[in-house]
Structure formats: structure tokens, C-alpha cells
Amino acid sequence: MKKVCILLITATLIWLFILVKCVDFQMWIPTDFSQAEEQLTFDPQERVLYYYSSLSADGKIAYNRILAQIQNHPDEIEIPVLSEEEFQKMFQALSYDNPDLLCMQNESQIVKRGAKAYFVPQYTCDRETCNANAAALESAVQEVLNGVPSNADVYAIELYLHDAVCARLVYETADGSGYTAFDALVGGRAVCEGYARAVQLLLNRVGIQNYLVTGTGINATGESEGHMWNLVFLEGQHYYVDATWDDMDSVAIDRYSHSYFNVSDAD
């Protein structure tokens, strides 16, 4: 009986050793993403993702896998192995293409184990809070969209959305907030990034092609500072829209202009 027990224990230990080694060995076999389908959460006929379109094939696969899973708040998501440049470009595309992607911090990382790579997101809040914020944002978006004039042409719809953003917001930030569409449309207070993401989200919902633009601007004191606005496509032409600079809170809380609405390259 004793010999049988020893044999069973030995066999078990050998099996566990082989299992561990097999798992460890699997980490050195690259995952084959060649057949990965690009499962997007939008209709490519209605919406063009500007930053996504510039990614490498592996960058697009990583983008899609993250976008499909991130709402469940996983600890990590396996993606293709990317260079540092590819990863940074992919991460920026995720952020700039998806103004309704909430709760993911601006800093995340890739962890490599053997021949595999894992995206490790950092979250601004827990899953329950994130879902509640997403629901509140959706409610605010629908509130704005319910006011779109009936039978209006594309230009009139764009103008209405621009004015709605300016009317709802005050240029202000505190405690690191003001950078998201949630801060803008739900909180009513944002900096340029919040304004631009709110405009982007609303234009996306009505099918007007647009994307975020970042650069520098000159503030009231003559100093250069980072800035964000929108580029919009209408009838085969592109125009720039800057709701932040059109919102005249310094004059009156309910005042706004159209000085930076649909301006050309020359302007």
C-alpha cells in the first residue's frame, strides 16, 4: 500500500511538472493573430476612424481587441507584439477615435511574457462607476440630439451641435477633470479637449465625418499652449471647428460666436 501511495504521489508530481513546463513552453510560442477578424463596434460605411486607419496590421488587431474587451475592465488583454512606436500610436488612436471610451487613463503599458504581449490598462474608476458614467453620458447625448431641428440639412445640424456644446459648457477645470466628453456634456465644465471630444461624439452620432486635431494656440497673454479642436468634412470639403474659442464665457455665460466655426485652411 505504501509503495502504491508513493507511486501515485510520484506520478502526480511528474504530471504537475510536465503541465507547468508545457504552460511555460506555450509562453514562448507567439500567438497567431493572422486570422484575427477586425470586429469593429461601428458601421464603416457611416463612420471613418481617422487614427485607426493609419495603424499597422498588428496595431489594428490590438486596437480592436482592446476596444472589444475594455468595457469589462479586464486586468490585461493579449495583443500582438508591438514596437514602442506602434504601441504609442495605437494607444493614441484608441483615445482620439473614441470619445465615448471612458474610464481608461492616459497611461497604460505592454507586459511581455515569453513571446506574448499583454495590454495592461489603468482605470480611473471601478467598473460600476464607469458604467454609470457611460449611462449618464448617453443620456446627455440623447438630450442634445433630441433638439436637432427636423428636416435640417447637414450644415444646420452641425451648427446646432456646435451651439449646443457652447451653450452647455463653461471653460473650467479642477482636480484633473475637464478632458472628456463626460466632463463636458454631463459636468458642464471642460477645457479644450473636453469641448473637442463632445463635438466629436455628437457629430459621430449624426453621421458627420470628423476627427480630433491637436496642436498649439496662442492664449490671451500671447503664450503658446497645447490645444485641441475638430476637423469636419462637409460635401467633400474639410473645415475646422473650435467650440472652445467660440465659447465667450468671459463676456457672458450664455454667449458664443461663430468666428471659429467651419474655417478654411487659409483662415
If you go through region 188-198, how many residues are touching a Gly at 6+ places or on another chain (Cβ under 8 Å) and surrounded by fewer than 21 Cβ atoms within 10 Å (Cβ to Cβ)? 2
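Collect the residues in region 87-101 that are in a helix (DSSP H, G or I) and either open to solvent by 10 Å² or more (accessible area, probe 1.4 Å) or under 9 Å from Gly59 (Cβ atoms) (or both), keeping them in residue-number order. First the steps, then the outcome.
Going residue by residue through region 87-101, those that are in a helix (DSSP H, G or I) are 87-97.
Of everything in region 87-101, those that are in a helix (DSSP H, G or I) and either open to solvent by 10 Å² or more (accessible area, probe 1.4 Å) or under 9 Å from Gly59 (Cβ atoms) (or both) turn out to be Phe87, Gln88, Lys89, Met90, Phe91, Gln92, Ala93, Ser95, Tyr96.
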Residue pairs meeting the criteria (Cβ under 8 Å; at least 6 apart or on separate chains; first at positive phi, in region 203-223; second part of a loop (DSSP other than H, G, I, E, B)): Gly207/Glu46; Gly207/Arg47
Does region 119-130 hold any residues that are closer than 21 Å to Gln88 by Cα and open to solvent by less than 30 Å² (accessible area, probe 1.4 Å), and which are they? Phe119, Val120, Pro121
Residues in region 199-208: is at least one open to solvent by 70 Å² or more (accessible area, probe 1.4 Å), under 24 Å from Ser139 (Cα atoms) and in a helix (DSSP H, G or I)? yes
State whether the residues of region 74-86 include one that is open to solvent by 30 Å² or more (accessible area, probe 1.4 Å), in contact with a Phe, Trp or Tyr (Cβ under 7 Å, 6 or more places away or on another chain) and in contact (Cβ under 8 Å) with a residue 12 or more places away in the chain. yes
If you go through region 247-261 one residue at a time, do you hit one that is at pLDDT 90 or above, touching a helix residue (DSSP H, G or I) at 6+ places or on another chain (Cβ under 8 Å) and under 19 Å from Leu49 (Cβ atoms)? no
I'm told Tyr160 meets every condition in (1) touching a Phe, Trp or Tyr at 6+ places or on another chain (Cβ under 9 Å); (2) open to solvent by 40 Å² or more (accessible area, probe 1.4 Å) except one. Can you identify the failing condition by its number? (1)
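The values are calculated or read from the model by the stated rules, or taken from the named source; none is laboratory data. Bear in mind that the values here come from a model prediction, so they are computed numbers and not experimental data. Every residue, glycine as well, gets a Cβ built from its backbone with ideal geometry; the counts of neighbours run over all protein chains shown. Ligands, DNA and RNA are excluded from the accessible area calculation, which covers all protein heavy atoms including side chains. Shrake-Rupley method; radii C 1.70, N 1.55, O 1.52, S 1.80 Å.
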